[in-house]
Amino acid sequence: MAKPWEGVIPAQDEEAFRAGFGEASRPMEAGERPALIVVDMTRAFVDGAYPTGWSETGFPAAKANRILLDAARDAGIPVFFTKGRPESAPPATAAEKGMWKHRASRQEVAVDLPPGDVIVDELTPIDGEVVINKGGKPSGFFGTPLASFLTYHKVDTTIITGMVTSGCVRATVLDAFQQNYFVVIPYECCADRSQLSHKVSLFDMHMKYADVVATQEVLEYLSKIKANK
């Protein structure tokens with residue numbers, strides 16, 4: 001099956017990675033106790049009406065995530081979501097916002113828009129699913145209890161989706177890799193503002209940290225997890 005970076009990554013770059021890391025066409029590696037981590041699929045990232053959003057890719061990713069989320073729930077695996085702050089929290093201080101290079105946090109949002117740091121309606125968490133409030137940092141693991149929750153569930157495999165591929169998804173993938181989880185990325189379930197950044201980041205993560213595969217392959221994997229319970 002074609003990978004999303006085909007036609008973007010130069011042949012010499014693929015060869016350079018192949019020499020040290022192997023073939024991009026390897027089979028997916030995953031364990032027997034997966035969890036789904038949906039990164040920042042909030043209105044502010046999905047919907048282009050917000051300064052940080054990008055509807056062109058955000059809405060298709062939300063649709064793909066819904067299909068995956070239904071399968072994860074059906075298989076009975078743990079599901080986690082990430083976002084910025086609790087709805088009841090006061091506005092973030094400058095220190096909590098951190099040293100981001102963009103100015104979106106200081107831009108005016110149209111007054112008729114609902115709050116942006118809310119998971120999109122089609123992916124609304126249900127009882128038993130945990131929302132991780134990660135503050136102003138990109139990774140779902142940094143300064144949060146996510147790793148301890150995964151330990152509680154004896155998770156060995158993280159299925160990571162969301163927005164944006166080159167930012168918060170990549171940071172979460174890297175931290176999951178560093179904690180020795182298998183990492184699986186269903187690429188239709190990720191999105192970015194820049195399609196070049198999206199494709200290059202997927203290639204880079206696939207060659208070093210994770211298995212980037214079609215969502216259908218993850219659905220088949222989850223069906224086997226369900227059958228083996």
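Any read-out appearing in this document is the output of simple, stated calculations on the displayed coordinates, not a laboratory observation. As the structure is a computational prediction, the values presented were derived from the model and not from experiment. Backbone-built Cβ (ideal geometry, glycine too); neighbour counts: all protein chains shown.
Within the range 162-209, being crowded, with 24+ Cβ neighbours inside 10 Å, assigned to a loop (DSSP other than H, G, I, E, B) and out of contact with any Asp or Glu (no Cβ under 9 Å at 6 or more places or on another chain) holds for one residue alone: ASP192. Filter the range 26-72 for residues that are assigned to a helix (DSSP H, G or I) and among the small types (Gly, Ala, Ser); which is surrounded by the fewest Cβ atoms within 10 Å (Cβ to Cβ)? Selected residue: SER55. Here GLY22 meets each of (1) surrounded by 11 or more Cβ atoms within 10 Å (Cβ to Cβ); (2) on the phi > 0 side of the Ramachandran plot with one exception, condition (1).
Of all positions in the range 18-41, none carries a residue that is among the small types (Gly, Ala, Ser) and closer than 20 Å to ARG193 by Cβ.
Within the bounds of the range 107-121, is there any residue that is in a helix (DSSP H, G or I) and either crowded, with 16+ Cβ neighbours inside 10 Å or touching a residue at least 12 places away in the same chain (Cβ under 8 Å) (or both)? Break it down stepwise before answering.
The first filter runs over the range 107-121 and keeps only residues in a helix (DSSP H, G or I), leaving 121.
Checking which are either crowded, with 16+ Cβ neighbours inside 10 Å or touching a residue at least 12 places away in the same chain (Cβ under 8 Å) (or both) leaves us with none.
No, the range 107-121 contains no residue that is in a helix (DSSP H, G or I) and either crowded, with 16+ Cβ neighbours inside 10 Å or touching a residue at least 12 places away in the same chain (Cβ under 8 Å) (or both).
Taking the listed residues ARG85, ARG66, ARG33, ARG73, the one that is charged (D, E, K, R) and in contact with a His (Cβ under 9 Å, 6 or more places away or on another chain) is ARG33, with no other qualifying.
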